[in-house]
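Here's the structure we're looking at; comments come further down.
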Amino acid sequence: MDVEMQIPTEGAKELDLFMPVWTPGSYLVREYSRNIIKIEAEDSEGRDLDIVKTGKNRWHLDSGDGETVSVRYRLFCREINVRANWVESDFAVINGAPTFLSVVDDFQRPYVVTVELPEGWERTCSPLDPAGAKDRYLAPDYDTLVDSPLVAGSPQVDRFEVDGVSHFLVTLGGGDVWDNPRAARNVQHLVEAQRDFWGHLPYEKPYYFFNLLTGSRGGLEHRQSLVMTADRWYSKNRGGIRSWLSLVSHEFFHVWNGKRLRPVELGPFEYEHENYCPSLWVVEGITSYYQHVLLARAGYNTNDQYLGALSGSIAGTQRTPGRLVQSLSESSFDAWIKAYRRDENSVNALFSYYSGGAVAGFLIDAEIQRVSSGKASLDDVLREAYRRFSGEHGYTESEFISLASEVAGENLGPWFNRLVRQPGDFDYQPALDWFGLEFEKPKSSTNSGFFPVPEEPVDNPKGWLGASTSGSGGIVTVTSVPSNTPAAAAGLCVDDEIIAIDRSRVDEKQLKRIVGLLGPGKEVEVLVSRRGLLRTLKVTLGEEPRETWRLRFRSDMSDEQKARVGKWLGSDGGNQMN
């Protein structure tokens with residue numbers, strides 16, 4: 001992609017330019033300047049100007065005596081995800097941060113963007129204001145420019161209105177499979193449900209849903225749009241549409257929680273360095289909680305389906321040893337150096353502010369309801385937070401916690417400290433008791449009723465090594481060693497090749513079968529190759545934890561508990577699909 005900038009010099013003899021190193025909403029320094037292939041400059045008379053690179057993402061320019069200078073650069077664009085640029089023969093996805101240079105410390109000037117389309121391309125779509133001509137747009141400042149993605153080509157576009165505001169579902173890659181009008185009808189209903197939750201739409205300009213059907217799954221929120229990647233085959237059945245809508249629900253909830261109601265650390269943005277923030281568990285975790293709650297309230301999920309989604313988050317939390325090492329506040333703050341740079345030890349050291357934050361959102365909601373005797377909920381906290389902190393102000397983590405205490409009518413500070421500021425296990429019982437829920441009991445590891453003769457022996461519990469492995473061509477390689485497992489206790493390491501158990505050669509299928517048959521408590525010799533050297537480790541096999549962390553409604557729910565669930569999740573629907 002070729003980009004040309006026309007910069008008014010305003011009398012300046014020298015200019016310093018920069019390119020952002022990250023995209024708001026995706027907390028990792030990504031070094032976008034690495035995609036610049038060449039860069040050059042000239043004055044208004046067409047004379048070449050010296051442009052010198054002074055840092056990884058900065059350039060110095062002697063601008064001369066002209067009123068304007070032109071800077072031209074070519075970008076390599078081949079990352080088909082929600083935060084980068086992808087250009088191919090029939091479409092382009094263009095994001096602001098990896099595309100637009102700017103004069104250093106001059107973010108308030110307006111920007112006019114004109115797109116020159118290749119032959120055969122039909123249109124561009126962007127939340128930027130039109131600027132009087134086809135494919136020409138106006139951004140009032142640099143923040144708006146960076147926050148406004150653009151799609152070009154011949155996309156499927158369907159429009160709907162909510163409260164008199166136009167919304168556009170813009171889809172690339174649907175082929176003959178994706179039903180865009182059907183998807184748009186369902187998005188409209190979801191927009192209306194979230195509008196009802198917050199009490200208003202916080203914008204009057206058109207809103208864009210950019211739907212890139214690449215086969216992957218991801219999303220990124222913007223102030224006046226969202227970008228998501230998904231699978232075109234989602235539209236072929238109700239379960240697929242429901243999965244797709246859960247992603248829409250998450251990213252659209254950020255219109256309020258994240259883009260307008262934000263932590264103080266997330267605006268104004270520092271585009272050249274990390275913006276550390278301890279409150280991503282509010283921005284992303286609570287949003288992850290409500291993405292499924294609001295699908296239930298909108299009638300897309302039954303209550304049991306919602307419990308399935310919540311159970312998945314709880315199971316992921318409980319099976320992550322990192323929850324005992326890293327708090328949600330620490331996880332949020334360290335997102336820049338850990339969350340997007342996972343390695344084989346991440347399971348032992350990291351706690352996701354997404355799934356862990358979603359579980360925390362459930363517990364916070366239940367606790368506010370419990371201590372207020374049902375008079376308040378997390379719904380009320382978010383709406384009041386929006387009234388107080390949206391716009392220029394922002395909130396600190398402590399201010400959000402204090403507001404939750406105020407709405408609940410009780411000091412929840414110590415409770416929040418244990419929940420989000422200290423690592424450790426969550427206490428689920430008060431929330432379960434409030435809503436009339438329970439975890440399903442693990443199935444017995446012994447045979448129950450299979451053998452017709454009572455004297456017949458029962459199956460013993462299966463042995464468990466605890467390490468994750470991958471297999472190829474008969475070679476078994478260790479990929480992860482969670483803490484507090486037999487593998488960790490014995491010193492098994494990532495990248496160890498497991499050759500034999502008690503002198504019996506194993507492949508991946510045999511490994512699991514033999515370990516299972518040997519049973520818990522059995523000490524075995526594991527022959528491994530570590531960097532080409534053979535060694536034998538003694539491992540005492542354990543029994544795999546059998547908790548599913550699967551929630552269900554108790555059979556003896558009281559009428560009061562049933563009423564609480566109805567208020568929480570709405571009527572038990574699941575039939576709203578258009």
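Of all residues in segment 495-528, count the ones that are in a strand (DSSP E or B) and under 11 Å from Val476 (Cα atoms). Quick ask: steps written out before the conclusion?
Filtering segment 495-528 down to residues in a strand (DSSP E or B) leaves 497-501, 504-505, 523-528.
The next check asks that each one be under 11 Å from Val476 (Cα atoms); those that pass are 497-500, 505, 528.
The number of residues fulfilling the criteria is 6.
For every residue, the table says whether it meets (1) at pLDDT below 95; (2) surrounded by fewer than 21 Cβ atoms within 10 Å (Cβ to Cβ); (3) in contact with a Pro (Cβ under 8 Å, 6 or more places away or on another chain).
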{"site": "Ala193", "(1), (2), (3)": "no, yes, no"}
{"site": "Asp196", "(1), (2), (3)": "no, yes, no"}
{"site": "Leu201", "(1), (2), (3)": "no, yes, no"}
{"site": "Leu213", "(1), (2), (3)": "no, no, no"}
{"site": "His222", "(1), (2), (3)": "no, no, yes"}
{"site": "Ile241", "(1), (2), (3)": "yes, yes, no"}
{"site": "Ser246", "(1), (2), (3)": "no, yes, no"}
{"site": "Ser249", "(1), (2), (3)": "no, no, no"}
{"site": "Lys259", "(1), (2), (3)": "no, no, no"}
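With the requirement that a residue be polar (S, T, N, Q) and within 29 Å of the chain's Cα centre (by Cα), what does segment 102-133 give you?
If the condition is that a residue be polar (S, T, N, Q) and within 29 Å of the chain's Cα centre (by Cα), then Ser102, Thr124, Ser126 are the ones that fit.
Counting only residues that are closer than 24 Å to Ser89 by Cβ, under 26 Å from the mean Cα position of the chain (by Cα) and of a type outside the set (Val, Ile, Thr), how many does segment 134-157 have?
Initial filter on segment 134-157 (closer than 24 Å to Ser89 by Cβ): 134-137, 149-157.
Retained after the next criterion (residues that are under 26 Å from the mean Cα position of the chain (by Cα)): 149-152, 155-157.
Next, from what is left, pick out any that are of a type outside the set (Val, Ile, Thr): 149-150, 152, 155-156.
The total comes to 5.
Looking at segment 529-545 only, could you name the residues that are part of a strand (DSSP E or B) and not basic (Lys, Arg)?
Result: Ser529, Leu533, Leu534, Thr536, Leu537, Val539, Thr540, Gly542.
Taking segment 207-224 on its own, how many of its residues are under 15 Å from Val151 (Cα atoms), part of a loop (DSSP other than H, G, I, E, B) and not hydroxyl-bearing (Ser, Thr, Tyr)?
Looking only at that region, the number is 3.
Out of all the residues in segment 81-93, which are among the aliphatic types (A, V, I, L, M) and within 12 Å of Leu212 (Cβ to Cβ)?
Within segment 81-93, Val82, Ala84, Ala92, Val93 meet the criteria.
Do the conditions hold for Val177, that is, is it outside any helix (DSSP H, G or I), surrounded by fewer than 20 Cβ atoms within 10 Å (Cβ to Cβ), β-branched (Val, Ile, Thr) and at negative phi?
Answer is yes for this residue.
Does segment 495-512 contain at least one residue that is under 38 Å from the mean Cα position of the chain (by Cα), buried (at least 16 other Cβ atoms within 10 Å of the Cβ) and touching a residue at least 40 places away in the same chain (Cβ under 8 Å)?
Scanning segment 495-512, I find at least one residue that is under 38 Å from the mean Cα position of the chain (by Cα), buried (at least 16 other Cβ atoms within 10 Å of the Cβ) and touching a residue at least 40 places away in the same chain (Cβ under 8 Å), so the answer is yes.
Which of the strands (runs of 3 or more DSSP E) found entirely inside segment 28-135 contain at least 2 residues meeting this: not aliphatic (A, V, I, L, M)?
36-43, 51-55, 58-62, 68-75, 111-114, 123-125
Return the residue satisfying two criteria in turn: it lies in segment 63-112 and is touching a Pro at 6+ places or on another chain (Cβ under 9 Å) and among the charged types (D, E, K, R), and of such residues it is modelled with the lowest pLDDT.
Taking the candidates together, the pick is Glu67.
Quick one: is Glu88 without any contact (Cβ under 8 Å) to a residue 24 or more places away in the chain, under 30 Å from Pro263 (Cα atoms) and touching a strand residue (DSSP E or B) at 6+ places or on another chain (Cβ under 9 Å)? Don't jump to the end; show me each part of the working.
Details: without any contact (Cβ under 8 Å) to a residue 24 or more places away in the chain: yes; under 30 Å from Pro263 (Cα atoms): no; touching a strand residue (DSSP E or B) at 6+ places or on another chain (Cβ under 9 Å): yes.
So Glu88 does not fit the description; no.
Taking segment 545-578, which residues are closer than 30 Å to Thr477 by Cβ and surrounded by 17 or more Cβ atoms within 10 Å (Cβ to Cβ)? Give the steps one after another, and end with the answer.
Residues of segment 545-578 closer than 30 Å to Thr477 by Cβ: 545-549.
Within segment 545-578, Trp549 is the sole residue that qualifies.
Are there helices (runs of 4 or more DSSP H) fully within segment 335-447 with at least 3 residues that are modelled with pLDDT of 95 or more, under 21 Å from Trp568 (Cα atoms) and out of contact with any Pro (no Cβ under 8 Å at 6 or more places or on another chain)? List them.
355-371, 378-389, 397-408, 429-435
Across segment 186-204, what is the number of residues that are closer than 13 Å to Val165 by Cβ and among the aliphatic types (A, V, I, L, M)?
2
Pick from Val162, Val82: which is more than 23 Å from Glu10 (Cβ to Cβ) and outside the structural domain of Gln188 (by TED's automatic domain parsing)?
The conditions single out Val82.
Quick check: is even one residue across segment 262-280 buried (at least 18 other Cβ atoms within 10 Å of the Cβ), within 14 Å of the chain's Cα centre (by Cα) and in the same structural domain as Phe351 (by TED's automatic domain parsing)?
Yes, segment 262-280 contains at least one residue that is buried (at least 18 other Cβ atoms within 10 Å of the Cβ), within 14 Å of the chain's Cα centre (by Cα) and in the same structural domain as Phe351 (by TED's automatic domain parsing).
Of the residues Tyr386, Tyr354, which is in contact (Cβ under 8 Å) with a residue 24 or more places away in the chain, over 13 Å from Val420 (Cα atoms) and not β-branched (Val, Ile, Thr)?
None of the others qualify; the one that does is Tyr386.
In segment 274-293, is there at least one residue being at pLDDT 95 or above, closer than 21 Å to Arg554 by Cβ and either out of contact with any strand residue (DSSP E or B) (no Cβ under 8 Å at 6 or more places or on another chain) or small (Gly, Ala, Ser) (or both)?
The answer is yes, given that some residue of segment 274-293 is at pLDDT 95 or above, closer than 21 Å to Arg554 by Cβ and either out of contact with any strand residue (DSSP E or B) (no Cβ under 8 Å at 6 or more places or on another chain) or small (Gly, Ala, Ser) (or both).
The values are calculated or read from the model by the stated rules, or taken from the named source; none is laboratory data. Worth saying up front: this structure is predicted, and the values here are computed from it rather than measured. With ideal geometry, Cβ positions are generated from the backbone for all residues, glycine too; neighbour counts draw on all protein chains shown.
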